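Worksheet for the structure shown next.
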Amino acid sequence: MIFTNEFFSSSSTIADTAMIELIDEFTYETHIYEQIATVDNPDGIVHRNRNGVYYLNKTVSESSEPLDVGIFGAKGNGVADDTESINKAVLYLTKIGGGVLSFNGTNIYSVSGPIFITNKVSFHCNGATFRGNGTNTILKTAYLLNNSLISNHQTPTETQVITFSKIKDADFEKCAVGLDFYNFCHGSSLENIKFTECEVSWKFLNCFYTSIKNVMSSGSNSGKYAYQFLGQNNALLLERVSATKDFGFLFQGGTTATTLISPTVEGGQTGFKFKDDCLGIVIKGIYAEAIFNAIDLFDVQYGNFEITGGYFNYVDKPLIGVKAPASGGVNGQITGEWQNNTIVNIGGILPIKDQNNVIIGYNTYNGLMDISQPRNYIHYSLPTYEGDGSLPANWIVGDHNIISSYGQIKATDTKAIGNVKRQFGVIPVTRSGDVGEGISGHIPDCTHELIGSDPSNFGIKIKTKIKYQEYMMFVKYHIYVATYSLGRWFYGDIFGKNLSTRDVGNSQVTSIENENGFLVIKITGFNEPNLNYIIQGNVQLIV
């Protein structure tokens, strides 16, 4: 049998023929070559020039199977630089409108990079390793221009878009940037990818409708975020993406309609950092362990987040709220839901070890939930199973926060509010915080006492457990008072410091006060010789 390098050598003495069967010099597989008319820009692999006579590799050109990158000279021995060979294969597939490039799963492809991926070209890596030189980018998006592959990073948005390109079953290691993708969009995906000793695992810029599944990043820390989403990114789906690095995920420049399912961040400084506008962000089932800041919303302008089903183990700050409003600037705000999340090992201590596994110190993880910021309108649901209804000690809340519980926290003992201003108006006020039916001599969660000692003009003070908020408090009260000579209902609405009485015909006067930070209702003007009265009713906070 004749090898391809023998037949196509410039010094070959083998006669030309209309069709010939050759052994590929790289893969040692049989290929059929057919003599054809002239061809522009022969690639030297599929279309070849033999001293002015042109041949077509029919085995490759007519195959519907993935293209073996080895045919283009990629050795995958961990020594030879395979950058040019891989790019030749990508160029061929790009010219014919796309296809699948197959790699040997046991090989290590050394890349001085970058290698390119283009529209409708996919990499089936089968477990192969792509090893950089420590300073390069391994894989970059590109397009075809004048018979060459050119990076699409400088092209206008929504031009030279990469669609239906898939990369699966690969290990990228020892590089500055693993993947540098721009306009990696509709139908494109990453699946079963591992990054080891990469300063940055990927940079995504202006990527839409992209799916990412089963990805992990580990290795030494560089002070940079492993997964960077920069610029406008929309409708991304991430499933089981993990980072065991100092800095995990960065979303910056505008992110919308993005869902993260079962992400993992472990052993670092910050798991998720969100900046600028982040709208429609869903984080389901996060697992965070031995990390200081799990989810950081400090630099978000307008945002909407649903954070559910998370488990925070040895975490110093599970959630960092949005920063305080800037004077005179556009501040924005964040809304959404925090529910069914669990924070454990609050105040836990873990050892710090050096590269030789020797303990050199200890870290303390406080589980602190400081959500007291004025622009933070996320609705927090807390599962508390015992206690007197107070917030857990690791929670710091403010008058703008919305807190509820499906456990023992009482609605009247939180700082939940209604009428919170949002970006597009006011939230409709809803009835909540039911504290039970009033019974004789009792107002739920309130105490009452006599005001004054004059039987002809005394009053009653009702002390509630509702935090007094001068501008943002909505309370309804229904109180029945009976003396020897009369029995009357007193009812009305309280809006901040403003009282609107609804009872008609009563000569008594109702007023409200702030006593030690709690709402107090006073009813004065009673006449009863023995200073005796019976009281019952209901005082409710509306959120």
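Computed values, structure above
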quantity	calculated
Matching residues in region 451-468 - criterion: being among the small types (Gly, Ala, Ser) and buried (at least 17 other Cβ atoms within 10 Å of the Cβ)	Gly459
Check on Asn51, on the phi > 0 side of the Ramachandran plot and among the polar types (S, T, N, Q)	yes
Residues satisfying the stated conditions in region 303-333, i.e. at pLDDT below 90, surrounded by fewer than 22 Cβ atoms within 10 Å (Cβ to Cβ) and of a type outside the set (Lys, Arg)	Ala324, Pro325, Ala326, Ser327, Gly328, Gly329, Val330, Asn331, Gly332
Options Thr447, Thr464, Thr483, Thr510: the member that is under 48 Å from the mean Cα position of the chain (by Cα) and over 15 Å from Leu541 (Cα atoms)	Thr447
Residue match in region 270-292 (condition: of a type in the set (S, T, N, Q), assigned to a strand (DSSP E or B) and farther than 24 Å from Asn376 by Cα)	no
Given (1) surrounded by fewer than 21 Cβ atoms within 10 Å (Cβ to Cβ); (2) of a type outside the set (S, T, N, Q); (3) not in a loop (DSSP other than H, G, I, E, B), index of the condition Val177 fails	(1)
Residues within region 134-174 that are part of a loop (DSSP other than H, G, I, E, B) and in contact with a strand residue (DSSP E or B) (Cβ under 7 Å, 6 or more places away or on another chain), tallied	7
In region 255-269, the residues that are assigned to a strand (DSSP E or B) and either small (Gly, Ala, Ser) or closer than 21 Å to Leu237 by Cβ (or both)	Thr255, Thr256, Ala257, Thr258, Thr259, Leu260, Ile261, Thr264, Val265, Gly267, Gly268
Total residues in region 491-517, condition surrounded by 14 or more Cβ atoms within 10 Å (Cβ to Cβ) and not hydroxyl-bearing (Ser, Thr, Tyr)	10
Qualifying positions in region 455-495 - of a type in the set (Asp, Glu) and either in a strand (DSSP E or B) or not assigned by TED's automatic domain parsing to the domain that holds Asn514 (or both)	Asp493
Some residue of region 68-75 being under 37 Å from the mean Cα position of the chain (by Cα), surrounded by fewer than 19 Cβ atoms within 10 Å (Cβ to Cβ) and of a type in the set (D, E, K, R)	no
Test: residue in region 408-418 that is of a type outside the set (A, V, I, L, M, F, W, C), part of a strand (DSSP E or B) and at pLDDT below 85	no
Failed item in (1) more than 21 Å from Glu289 (Cβ to Cβ); (2) touching a Gly at 6+ places or on another chain (Cβ under 6 Å); (3) assigned by TED's automatic domain parsing to the domain that holds Ile283, with Phe164 passing the rest	(3)
Extreme residue, modelled with the lowest pLDDT, among residues of region 523-543 that are assigned to a loop (DSSP other than H, G, I, E, B) and more than 20 Å from Gly505 (Cβ to Cβ)	Val543
Of all residues making up region 496-512, the number that are without any contact (Cβ under 8 Å) to a residue 12 or more places away in the chain and either touching a strand residue (DSSP E or B) at 6+ places or on another chain (Cβ under 7 Å) or not in a strand (DSSP E or B) (or both)	5
Conditions (1) surrounded by fewer than 16 Cβ atoms within 10 Å (Cβ to Cβ); (2) out of contact with any His (no Cβ under 8 Å at 6 or more places or on another chain); (3) within 30 Å of Ile403 (Cα to Cα); number of the one not met by His448	(1)
Filter result (surrounded by fewer than 23 Cβ atoms within 10 Å (Cβ to Cβ), hydroxyl-bearing (Ser, Thr, Tyr) and either within 13 Å of Thr137 (Cβ to Cβ) or in contact with an Asp or Glu (Cβ under 8 Å, 6 or more places away or on another chain) (or both)) within region 189-205	Thr196
Residue list for region 203-253, restricted to those being closer than 21 Å to Asn293 by Cα, of a type in the set (Gly, Ala, Ser) and not in a strand (DSSP E or B)	Gly219, Ser220, Ser222, Gly223, Ala226, Gly253
Checking Lys461 against (1) modelled with pLDDT under 85; (2) under 30 Å from Gly525 (Cβ atoms), the condition it does not meet	(1)
Residues of region 76-102 classified as in contact with an Asp or Glu (Cβ under 6 Å, 6 or more places away or on another chain) and assigned to a strand (DSSP E or B), total	1
Residues located in region 469-490, provided they are farther than 17 Å from Phe458 by Cβ and surrounded by fewer than 16 Cβ atoms within 10 Å (Cβ to Cβ)	Glu470, Tyr471, Met472, Trp489
Every residue from region 1-50 that is of a type in the set (Asp, Glu), exposed (fewer than 14 other Cβ atoms within 10 Å of the Cβ) and not in a loop (DSSP other than H, G, I, E, B)	Glu21
Matching residues, region 78-102, being in contact (Cβ under 8 Å) with a residue 40 or more places away in the chain, surrounded by 15 or more Cβ atoms within 10 Å (Cβ to Cβ) and under 17 Å from Thr129 (Cα atoms)	Asn87
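The values are calculated or read from the model by the stated rules, or taken from the named source; none is laboratory data. Quantities reported herein were computed from a predicted structural model and do not represent experimental measurements. Note that we place each Cβ from the backbone using ideal geometry, even for glycine, and neighbour counts take in every protein chain shown.
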